[in-house]
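One structure is given here, and the rest of the page talks about it.
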Amino acid sequence: MSYVPRLQSFYREQVIPILMEKYKYSSIMEVPRLVKICLNQGIGAATQDKKLIDIAIGELSIITGQKPVATMSRNAISNFKLREEQAIGVKVTLRSNRMYEFLDRFISVSLPRVRDFRGINDNSFDGRGNYTMGITEQIIFPEIDLDKINKISGMDISFVTTAKTDAEAMTLLKELGLPFKNAKN
């Protein structure tokens, strides 16, 4: 038998029946599911120091367990000393087992390490069932060694679901364990 992450089996056994009952789906295939998690880290100072991209790639690969790719600029902007096709950030997309493992660690270990944490904002849905949140410090992840950090940087985390509405996506993410501030459902 192959390995199944804890959160994935929790989704199949606990979350699907709750969503089926709440939204009265006729088929199990209609139930919203988490498709992917995208992590994006923009590094504005990379125009001056190209080593920052390599450092960010190393940090993001330690956090996610998957090698990120550098994002390139599309246009040249002389005021920002930015050339076309210059590396200005890193991104990684997690799917399947790595996605569930990252989400499990993020909910149970990383979010409780945020200073003055009162829950995540529930206003960041895009209208199509996807949720994006920002993290101000990468040091909330326990994989990062504080002694090796020379600059604290943040990142954006996007949760892409198959939900048709924001209410369905919020219920899905809330049942998976994301701690929303003003959970109305």
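Bear in mind that the values in this text are calculations on the coordinates, not laboratory data. It should be emphasised that the depicted structure is a prediction, and the values quoted were computed from it without experimental measurement. Note that each Cβ is placed from the backbone with ideal geometry, even for glycine, and that neighbours are counted across all protein chains shown.
For the range 133-171 and the range 1-36, what is the separation of their C-alpha centers, rounded to whole Å?
23
Under the rule of -39500 (n - 2.57) per DSSP H run of 4 or more residues, summed and divided by the residues of the chain, what mean residue ellipticity at 222 nm is obtained, to the nearest 500 deg cm²/dmol?
That comes out to -7500 deg cm²/dmol.
Quick one: angle between helix 166-176 and the longest Cα principal axis of the chain, in degrees between 0 and 90, rounded to 10, please.
90
Give me a comma-separated list of calculated 3J(HN,Hα) values for the range 138-145, in order, Karplus coefficients 6.51, -1.76, 1.60 applied at θ = phi - 60°, integers in Hz, x for any Gly or Pro.
In residue order, the calculated couplings are 7, 7, 6, 7, x, 6, 7, 7 Hz.
Rounded to the nearest 10 degrees, what's the angle between the helix 96-105 long axis and the longest principal axis of the chain, both from Cα atoms, 0 to 90?
80
For 148, 91, what's the fewest-to-most ordering of other Cβ within 10 Å of each Cβ?
On the way: 148 9, 91 17.
So the residues, fewest neighbours to most, are 148, 91.
When volume of the Cα convex hull per residue in Å³ is calculated directly from the model, which label among [x] 144; [y] 277; [z] 182 fits?
Recomputing volume of the Cα convex hull per residue in Å³ here picks out [x].
Could you calculate the contour length gain from residue 143 to residue 67, that is, 0.36 nm times the residue separation minus the distance between their Cα atoms, to one decimal place in nm?
25.9 nm
Bin by bin, in steps of 5 Å, what percent of the Cα pairs in the range 1-75 do you find, going until the bin that has the longest distance?
3, 12, 16, 14, 11, 9, 9, 10, 9, 5, 1, 0
What ranking do 25-38, 58-71 get when scored by the average of other Cβ atoms within 10 Å per residue, highest first?
Working: 25-38: 14.9, 58-71: 17.1.
Ranked by mean Cβ neighbours within 10 Å, highest first: 58-71, 25-38.
Under a point spin-label approximation (7 Å from Cα along Cα-to-Cβ), what is the residue 26-residue 6 distance to one decimal in nm?
Using points 7 Å along Cα→Cβ, the separation is 3.9 nm.
Suppose R0 equals 30 Å. What FRET efficiency, 1/(1 + (r/R0)^6) with r the Cβ-Cβ distance, do residue 113 and residue 54 give to the nearest 0.05?
0.75
Take the residue pairs 36/148; 36/164; 50/148; 67/181; 50/181 and return only those whose Cα atoms are more than 27 Å apart.
Details: 36/148 29 Å; 36/164 16 Å; 50/148 18 Å; 67/181 32 Å; 50/181 38 Å.
Going by Cα-Cα distance, 36/148; 67/181; 50/181 fall outside the 27 Å limit.
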